[in-house]
Amino acid sequence: MTSVPSPIAPAGRTPTTPLSEPPRETWRVLYEEARRRLANDVEARWLVEEASGFSWPELSREGPSVADAARARFTSMLERRAAGEPLQYVLGHWSFRTLDLMVDRRVLIPRPETEQVVEAGLVELDLTRASDPKRSLLAVDLGTGSGAIALSIAAERHGVEVWATDQSREALDVASANLAGLGGLRATRVRFAHGEWWSALPEELRGRVDLVISNPPYVSTAEMGLLDPVIRDWEPTTALASGPTGLEGIESILAGAAGWLSPRGSAVIEIAPHQCERAIESARGLGFEHAHIVQDLAGRDRALVARMSPR
């Protein structure tokens, strides 16, 4: 039998042993890196889930290897979070009630406290519908930001027309993107308008609004310096700061309500806990016959509910 000759190295070169492949980088390895950098196990998991597109149970095992593009995205996200940027902006989206909303620095981060404000608004709509089941309902969200409040109402209550306004065109761009994600017939019941408070709405809506709901700026000028830096330095100042008293936005909404609300219409406005007494006084002084405060899930006073007539 003829033997097979051994390979001959070209002149001037010696045979080499093939190099072993480098260790395979896994998402578990990157999770450990994020956990060390951030000192936060939960945030590390969120980052690797977002960058990889896999759920944590899939990643907690050996998991898939890391593609170059995914590695680059993870590194960028980790650096942004380590520099102090809010996790919600780094991820690019955040959950709010039944929705998953796109968020970035153009809008406030949706918070659990505001979820309870929506709940209070839905109660008011249900009371109005119970008194007149056949009438179509109209809700207005003033200062909509990401669209969290307006889109939640459209998603959770059938047969309610919703108008949402904002003085920031950039915020309305975000809200419009979130509306596109809502899809179906629910999205056709939501309209946006650019402008400040009531002035953004078309005149034909006067006297027809069953619910005005809002999370307006309610931080006073003096209080801005006391905010957590992760809020003060990253979220839009115009959506946080109201003016010297912190009540300017709240009072503007209440002052315009009489000309826009239906005879049994309601106002639901997010406030700071220390603003309750003054907010109720303002509502009663502006013609609301009933006003009370609703608490959030942490037991803190959170929303003013004011009605044009008692039920």
Query - Condition check for A193: within 20 Å of F288 (Cα to Cα) and surrounded by fewer than 20 Cβ atoms within 10 Å (Cβ to Cβ) - result: no
**Report entry** G265, sole failed condition from (1) of a type outside the set (A, V, I, L, M, F, W, C); (2) assigned to a strand (DSSP E or B); (3) open to solvent by 50 Å² or more (accessible area, probe 1.4 Å)
**Finding:** (3)
Query raised in the report: If you check every pair at least six apart or on different chains, which have Cβ atoms under 7 Å apart with a residue in segment 23-50 that is closer than 17 Å to S65 by Cβ first and a residue that is of a type in the set (K, R) second?
Result: Y31/R45
**Report entry** Residues satisfying the stated conditions in segment 151-172, i.e. more than 19 Å from P133 (Cα to Cα), touching a residue at least 60 places away in the same chain (Cβ under 8 Å) and out of contact with any His (no Cβ under 9 Å at 6 or more places or on another chain)
**Finding:** E170, A171
Query raised in the report: Looking at segment 248-287, which of its residues are hydrophobic (A, V, I, L, M, F, W, C) and touching a Lys or Arg at 6+ places or on another chain (Cβ under 6 Å)?
Result: W260
Query - Residue in segment 196-219 that is open to solvent by 10 Å² or more (accessible area, probe 1.4 Å), in contact with a strand residue (DSSP E or B) (Cβ under 7 Å, 6 or more places away or on another chain) and either assigned to a strand (DSSP E or B) or of a type in the set (V, I, T) (or both) present - result: yes
Requested in this report: Of the numbered conditions (1) touching a Leu at 6+ places or on another chain (Cβ under 8 Å); (2) open to solvent by less than 20 Å² (accessible area, probe 1.4 Å); (3) assigned to a loop (DSSP other than H, G, I, E, B), V107 fails exactly one; give the number of that condition.
Outcome: (1)
**Report entry** Counted residues, segment 243-255 - those being out of contact with any Pro (no Cβ under 9 Å at 6 or more places or on another chain), in contact (Cβ under 8 Å) with a residue 40 or more places away in the chain and of a type in the set (S, T, N, Q)
**Finding:** 0
Query - segment 220-242, subset touching a residue at least 60 places away in the same chain (Cβ under 8 Å) and in a loop (DSSP other than H, G, I, E, B), residue farthest from the chain's Cα centre (by Cα) - result: D233
Query raised in the report: Within segment 5-26, is there a residue that is open to solvent by less than 80 Å² (accessible area, probe 1.4 Å), in a loop (DSSP other than H, G, I, E, B) and modelled with pLDDT of 80 or more?
Result: no
Report task. Could you list all residues from segment 124-139 that are within 27 Å of the chain's Cα centre (by Cα), crowded, with 17+ Cβ neighbours inside 10 Å and of a type in the set (D, E, K, R)? Result -> E124
Query raised in the report: How many of the residues making up segment 243-265 are under 24 Å from the mean Cα position of the chain (by Cα) and of a type in the set (S, T, Y)?
Result: 1
Query raised in the report: Can you name the residue in segment 268-293 that is touching a Pro at 6+ places or on another chain (Cβ under 8 Å) and not acidic (D, E) and is also most open to solvent (accessible area, probe 1.4 Å) among such residues?
Result: H290
Query raised in the report: Do you know which of the residues in segment 294-311 that are touching a strand residue (DSSP E or B) at 6+ places or on another chain (Cβ under 8 Å) and not in a strand (DSSP E or B) is surrounded by the fewest Cβ atoms within 10 Å (Cβ to Cβ)?
Result: P310
Report task. Working carefully through the options T165, T128, find the one that is assigned to a strand (DSSP E or B) and among the hydroxyl-bearing types (S, T, Y). Result -> T165
Query raised in the report: Between a first residue in segment 105-131 that is of a type in the set (S, T, N, Q) and a second residue that is assigned to a helix (DSSP H, G or I) and buried (at least 16 other Cβ atoms within 10 Å of the Cβ), which pairs have beta carbons less than 9 Å apart while being 6 or more apart in sequence or on different chains?
Result: T114/A148; T114/I149
Report summary line: Result of the Cβ filter at 7 Å on segment 189-217, keeping first residues that are farther than 23 Å from G159 by Cα and without any contact (Cβ under 8 Å) to a residue 60 or more places away in the chain and partners that are part of a helix (DSSP H, G or I) and of a type in the set (G, A, S), at least 6 apart or interchain, is H194/A200; W197/S252; W197/G256
Query raised in the report: Residues A51, A70: which one is in a helix (DSSP H, G or I) and either under 23 Å from the mean Cα position of the chain (by Cα) or of a type in the set (S, T, Y) (or both)?
Result: A51
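The values are calculated or read from the model by the stated rules, or taken from the named source; none is laboratory data. Because the structure is a prediction, the values reported are computed rather than measured. Note: ideal-geometry Cβ built from the backbone for every residue, glycine included; neighbour counts use all protein chains shown. Surface areas here come from the heavy atoms of the whole protein model, side chains and all, with no ligands, DNA or RNA. Shrake-Rupley method; radii C 1.70, N 1.55, O 1.52, S 1.80 Å.
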